[in-house]
Amino acid sequence: MNSFVIRSWLARGLLFAFSVVIAASFVTPLLWLITAPFNTQANLAVTIPTNPSLANFEAVYHNKFAMRALFQNNLIIGGGVMVLVAGVATMASYGLSRTHVPGRDVLVYVLILFSSVVSGTAAMVPIFLLVFRLGLIDTYAGVILVMTGGLLPSAIFIMRDFIDSIPRSYEEAALVCGASSLRVFRDVALPMVRPGVVVVAIWAFVNAWGAFLIPSVLLRSPDRMPASIASYSFYTEAGTPNLTLLSAYAFLYTIPVLVLYLIVNWRFGFRFFGGIKS
Amino acid sequence: MERKHAIFPARVGIIFLTPAILFVIVFLLYPFVRVFLLSFTNQTLLGTTAPNPEFVGLDNYRHLFNPDRWMRLGEFGSALKITTQFVVGSALIGQAGMGMLIAWAFYRKRGVLREVVFTLVILAWIIPETVVAFTWVAFLDWEFGTLNSVLETVGLGRPDWLFERPLQSIILFNSWRGTAFSMLLFSGALETIPPSYVETAEVVGATAWQKFRDIFFPLLRGHILTDLILITLWTFNVFTPFLLTGGGPAKRTEVVSIYTYRTAFMGRHEFGKGSSIAVVMMLINLGLALIYLASIRRRRAT
C-alpha cells in the first residue's frame, strides 16, 4: 500500500467517526419522542418499551380539547396561512419580476429591512393592540393575518427566485395572441411556477403549524388554541406533566412536519429557496 | 438587480403588488411607528390607564436604564447581558462553528453518511418548538435524562442542568436547534468554490488547516458575514428558551424577548413599558439589518 491509499483510508475513517459523533449528538435529544409514546409507563428516561403499545394514543384520542386543537384549529390556522401566503407572495413576486413598478427597489429594500426589524416578541406589543382595535382578538382571522404578515417578506423572496428562473417567451407569445394580463398570469405563468408555489405553501404551513408565540398572545378561548398550546393541557394544575399522554400527543403533532419535509426533500431536494443571497 | 424589460405596464404590476403592500403597511410599518408612540405612554391592558393612556415622556426609558437597578436579575440590563451571552454562545460559537465544521467535513462528498447527518441536523431545526422543548426537558432531566446518563458513564458527574446551569442549558439547546441554517448556508457556499483551487493546493501538499485558512476562509468571508449577522438577529429575537425555562430559575435565563413578554403579556400587562423595551430591541435589529444590507451591497459592487 502506498501512502496515498493509507491517507485516503485514514480520511474516510475520520469522516466516519465524525459523522457518528454528530449524528449521535443530534438524534439523542429526540430519542424520547420516539420511545415514550409507545411505553405505557413512560417517564423522562429513554427506555425501549418492553411491550410496545398504542394505549397512550388511545388515551390522547379521548382528550377532545387536544384533538380539536390538532385536527381542527391547527388545520384552519395552517391552511389559512398557507393559502394567503402562497397567493399574495406569488402575485407580488410576479409583479416584481414582470413589470417595472416605480419605486420597486425601495419596496424590496423596505421589505428586507422591516421583516427583520419588526419580528418576534418586540413586534407582538404593537401588533396585539392593532389586532385588539380591529376586533380580531381571539379569532382565527387575527392569528392568520398576523402570521401571514410576518411570513410574507421571506415568501416573496423565495417565490421571486422561482419566477425569475422561468422563461418569459410563453407569456410574451400569449400576450401577442391577445390574452389579458390576468389570463397570462393564471394560464401561462402559474402552471410553470407551480413547484415554487408548492414549496412556499409547505414552508408557510410548517411555520404556522409550529407557532407558539402568536397564538398564545392573540387567542383566549381554549376552543381555538392550536396544538402548540394545547400540549400544556397534559399538565396537571400543579404543573406536573402526564408524560405518557404528552409524548404521544407531541408525536402526533410532529408527524405532519416530517411528512412534508420528506415530500419536499423527495420532490425538490431540501435546500435554500431564495431569500439568502450573498 | 438586473433590469429585464417589463412584460406588463406598471399599472398591472401595482395591481399584483397591492395585497402584499397592504400587508407590509398594516403588519410591519404601522406596528413599527406605533410602538415608538406607545413607548411614551403608560398604556396597560387593564385598569384606568387602559382606555385613556397618559403621555409620560421618557419615564419608561428612565425606568429601563435606571443605573441603580438595571443590572439586577429580572431587569433590562441583566436581560441584555444574558442575551449577549446567549447569542455569542449559541449562535456565533455553537451554530456557526458546528455548521461550518459539518459543511466542511462533507465538502464535495455525497453518500449515506452525509444524508444521515444532514437529515438529523435539519430535523432538529424543523420540528415544532414546543415538541423540542419537551424532549429537551426530558433530555436534560437530572434523574432520568439521557444527557446525565451519558455524562455519568464517562465519569463527568450529574449536574442538575436546568437549575444549576440554566444558561448553559439554553445555549446548548439553541446550538442544537439552529445549526442547520449555518450548515446549509456554508455547504451551499462551499459548492461555489472552483475545485481546481483545492486540487492545486492538494498537489502542493497543503494541510487541511492551510486549505481552510488560505482558500475557504477568504472566499467565504462574505457568506460567513451574512450567516453571522442573520443568526445573531434571529437568536436575539428568539422566544423558544421560554418554553424550556420560562426565563428562570430566578430570572437567570431571562433574555430580552422573555423580558418583553413578561412585561407586556403577563402580570400587569404594561404595554407602555413593554413598548420601550420593544423600541430598543427594534433599534438593535435595525442596526444589524443595516449592516447586513450594506455588506450585501458592497459585495455586489465589487
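The values are calculated or read from the model by the stated rules, or taken from the named source; none is laboratory data. Nothing here was measured: the structure is a model prediction, and the numbers come from that model. Virtual Cβ from ideal backbone geometry, glycine too; neighbours counted across all protein chains shown.
Here are a few things to note about the model shown:
- Test: residue in the stretch B:158-179 that is part of a loop (DSSP other than H, G, I, E, B) and crowded, with 16+ Cβ neighbours inside 10 Å: yes
- Restricting the search to helices (runs of 4 or more DSSP H) fully inside the stretch B:183-255 and requiring at least 2 residues that are at the interface with chain A (Cβ under 10 Å from one of its Cβ atoms) gives B:217-237, B:241-245.
- Screening B:Thr226, B:Thr207 for residues that are farther than 21 Å from B:Val33 by Cβ and surrounded by 19 or more Cβ atoms within 10 Å (Cβ to Cβ) leaves exactly one candidate, B:Thr226.
- Across the stretch A:204-221, the number of residues qualifying as facing chain B (nearest Cβ under 10 Å) and of a type outside the set (A, V, I, L, M) comes to 5.
- Taken together, B:Ala294, B:Ala278, B:Ala301, B:Ala250 contain a single residue that is of a type outside the set (Phe, Trp, Tyr), surrounded by 14 or more Cβ atoms within 10 Å (Cβ to Cβ) and either at pLDDT below 90 or on the phi < 0 side of the Ramachandran plot (or both), which is B:Ala278.
- Of A:Phe26, A:Phe65, all but one fail to be in the same structural domain as A:Arg224 (by TED's automatic domain parsing) and not polar (S, T, N, Q); the exception is A:Phe65.
- Entirely in the stretch B:109-155, the helices (runs of 4 or more DSSP H) that have 2 or more residues that are in contact with a helix residue (DSSP H, G or I) (Cβ under 9 Å, 6 or more places away or on another chain) and at pLDDT 90 or above: B:112-126, B:129-140
- Long-range neighbours under 7 Å by Cβ, at least six apart or interchain, first residue among the hydroxyl-bearing types (Ser, Thr, Tyr) within the stretch B:56-84, second surrounded by 13 or more Cβ atoms within 10 Å (Cβ to Cβ) and in a helix (DSSP H, G or I): B:Tyr61/B:Ser276; B:Thr83/B:Phe236; B:Thr83/B:Val256
- Test: residue in the stretch A:29-43 that is under 23 Å from the mean Cα position of the chain (by Cα), under 30 Å from A:Met159 (Cβ atoms) and more than 7 Å from every other protein chain (Cβ to nearest Cβ): no
- All positions within the stretch B:42-78 that are acidic (Asp, Glu) and either surrounded by 11 or more Cβ atoms within 10 Å (Cβ to Cβ) or within 18 Å of B:Tyr259 (Cα to Cα) (or both): B:Glu54, B:Asp59, B:Glu75
- Of the helices (runs of 4 or more DSSP H) lying entirely inside the stretch A:54-141, those carrying at least 1 residues that are of a type in the set (Phe, Trp, Tyr) and within 13 Å of another protein chain (Cβ to nearest Cβ) are A:74-98, A:104-117, A:120-133.
- If you go through the stretch A:80-107 and keep only what is within 20 Å of B:Pro31 (Cβ to Cβ) and more than 20 Å from the chain's Cα centre (by Cα), you end up with A:Ala92, A:Val106, A:Leu107.
- Selection of the stretch A:46-69 for residues being touching a Phe, Trp or Tyr at 6+ places or on another chain (Cβ under 6 Å) and surrounded by fewer than 19 Cβ atoms within 10 Å (Cβ to Cβ) yields A:Pro49, A:Pro52.
- Of the criteria (1) touching a Phe, Trp or Tyr at 6+ places or on another chain (Cβ under 7 Å); (2) more than 13 Å from every other protein chain (Cβ to nearest Cβ), which one A:Asp187 fails: (1)
- Among residues of the stretch A:101-123 that are more than 30 Å from B:Gly274 (Cβ to Cβ), none has a Cβ under 9 angstrom from a residue that is among the hydroxyl-bearing types (Ser, Thr, Tyr) and in a helix (DSSP H, G or I) at a sequence gap of 6+ or on a separate chain.
- Unmet requirement for A:Ala23, which otherwise passes all of (1) part of a helix (DSSP H, G or I); (2) more than 30 Å from A:Ala155 (Cβ to Cβ); (3) more than 10 Å from chain B (Cβ to nearest Cβ): (3)
- Some residue of the stretch B:285-294 being part of a helix (DSSP H, G or I), within 10 Å of another protein chain (Cβ to nearest Cβ), touching a residue at least 60 places away in the same chain (Cβ under 8 Å) and polar (S, T, N, Q): no
- In the stretch B:261-275, of all residues being of a type in the set (A, V, I, L, M, F, W, C) and surrounded by fewer than 24 Cβ atoms within 10 Å (Cβ to Cβ), the one that is farthest from the other protein chains (Cβ to nearest Cβ) corresponds to B:Met266.
- Count - residues of the stretch A:207-224 that are buried (at least 20 other Cβ atoms within 10 Å of the Cβ) and more than 22 Å from B:Ser257 (Cα to Cα): 1
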